[in-house]
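Student: Questions regarding the structure given below will be posed in turn.
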């Protein structure tokens, strides 16, 4: 009965919101239900098993410790800023291989293709990927096109968890954190010695590049080794993802799915002279070779086109973290990264374009946590950031007379966490930024946390944040020429862009009944000034080529409601459901903003069928979204269903099997306004091996 009650509550919640907003609630297509009918008996058994468990038994769960909310370690329930976490367990249960796949089931996140590439970017709360900062252990990572980070270009072998903070975070993290922060936390090496290895292969069925359904179209492998004593520890890791690409008609030349080979290797060393301090150094190398194949219609023929892209990212990061006897803590960390891309384009196997892009990024961060003063915890710090961009096409610069573009900014921040009493906490933050091109700006933020319900069965936490976001136009938006004339379009930078700014209000509460039931509700309101946008309305046609241009929208707003429910029925069954409603508006024209779906739904179930066997289901739904403000064209909504099965043999070996997109929902490639899933059904099989201190 309880599971039925939960499902009914979710439906009532969505239907009520739809009635209030005069919208249609998200509905999974009938075909999706028919394709998934075989799952219903399994869920029925799971429900029955849940009911059979003694009611007084509480499942034991460890509360995650997060750092992104306040830049220092806090229990997730005690953090004054709402934080969502993708755990290592979730990554392994869903067999995610890239950061994009790890984030697919986070409530409210929209993942969409990077323009002109085979990668993915994210947006949240109606704000674009340019306005969401992606960090690795608190340090930035170079964007794939000097604008947005390609989430497919970070592999997960050494990832411990991923933390997501929604809403303006410029006071904590500076420019580019106007919409939120995604912080990837890597695993620290344990004492002793151990390692892991895994291999898997998968197929797109009849859409395999070879045209043979049983071929291993995708082949993936990873390893990690590490160990050490109490003071010194070392680790090395490597990962290789080989995807042959796919086509809806493999016998023809075009491929809707790019072929790519991604590889990542890393080495890390850590020195811990005492329990109070550590120093670390990490070096990593990422490479990617991508091939796009498509036809260009040149009357009366279809002319084969082929674009190659070779990418390398070399990253060196390190830092020192020291705690003093008086309670003071000092951190210094930095990163130096080089990102190079070479993209030759061929028309009928004749070289047509030869583009080279090179980016350099250096970042240095300092942070000092002062000893507790009464009930106040003060923190001060600085950030220095420098980046350069150069790009040529056929040997000529595509950055005009600049040759290369540069940007430097220096920032200082102060934060005070005031514990008023056992129930109330207030967090103040203020950051000042001086940019080499746009001068100075200050971004404040205040967050409040209150324990308003602390009964024997129910506990409730209230959170509210009000902050200002700020983002200077990046080098791509101001100077980049993204020339895809072969595809009929260009994206041209606008050097006259103004910085964006926003006011963000987050208001929500979390209610818990023991460790079984968690209900999380969060409302958001973001008011943006000078929002930078490019869509069909900012275009011109030059020599038959559509030319898009970035432009500032005078005023825009996004608002909505996140609702998330997690029910841990017992030690073997866990269910979760999340719904995000987002309303956007260009306050100059009165129209909604493009590429922002109103509704996003996430459903999940994890069932431990046997002590060593875990079954997982993940449902993702996204409503239609506006594509063209001039014609009012919309991309249709879509729903996908993923299935995964992990079976552990002994302590060392885990076999896994899965089907992504069971219902085979794939976009209509003839319809240029359809931005649904690119890939259809994908079936994979693999194995993981762990030994030594890597065994859980």
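Student: Using the number of other C-beta atoms within 10 angstrom as an exposure proxy, rank 288, 89 with the fewest first.
Tutor: 89, 288
Student: Hey, how many Å between the Cα centroid of the stretch 621-694 and the Cα centroid of the stretch 199-214?
Tutor: Spelled out, the Cα-based centre of one part sits 15 Å from the other.
Student: Roughly how many whole Å is it from the C-alpha centroid of the stretch 235-285 to that of the stretch 150-181?
Tutor: 18
Student: If you bin the C-alpha pair distances of the stretch 608-673 every 10 Å from 0, what whole percents do you get?
Tutor: Result returned by the calculation: 18, 31, 22, 16, 11, 3, 0.
Student: For the stretch 71-217, what does the alpha-carbon gyration tensor say about shape, rounded, prolate or oblate, given a ≥ b ≥ c as the root eigenvalues, a/c under 1.5 as rounded, and a/b over b/c as prolate?
Tutor: Oblate is the answer for the stretch 71-217, as a/c is 1.5 or above yet b/c matches or exceeds a/b.
Student: A follow-up question, please. Sorting 251, 440, 393 on the 10 Å Cβ count, fewest up front, what's the list?
Tutor: 251, 440, 393
Student: Quick one: compute the contact order of the stretch 185-253, relative version, from alpha carbon pairs under 8 angstrom and 6+ residues apart, as a percent.
Tutor: Reported relative contact order: 35 percent.
Student: Hey, any idea what Rg/Rh is for the stretch 431-472, computing Rh the Kirkwood way over Cα pairs?
Tutor: Computed over Cα atoms, the ratio is 1.35.
Student: Would you list 214, 453 from fewest to most Cβ contacts within 10 Å?
Tutor: The most exposed by this proxy come first: 214, 453.
Student: Next question, about the same structure. Which value, in nm² and rounded to one decimal, describes the direction-averaged projected area of the C-alpha convex hull of the chain?
Tutor: 30.2
Student: Relative contact order (percent) for the chain, with alpha-carbon contacts under 8 angstrom and 6 or more residues of separation?
Tutor: Computed over the chain, the figure is 11 percent.
Student: Packing-wise, with mean Cβ within 10 Å as the measure, how do 507-513, 345-351 rank, highest first?
Tutor: Listed from highest to lowest mean packing, they are 507-513, 345-351.
FYI, it's all coordinate maths here, none of it is from the lab. Everything numeric here is computed off the predicted structure, so don't read it as measured data. Quick reminder, even Gly has a Cβ in these numbers, built from the backbone with ideal geometry, and neighbours come from all protein chains shown.
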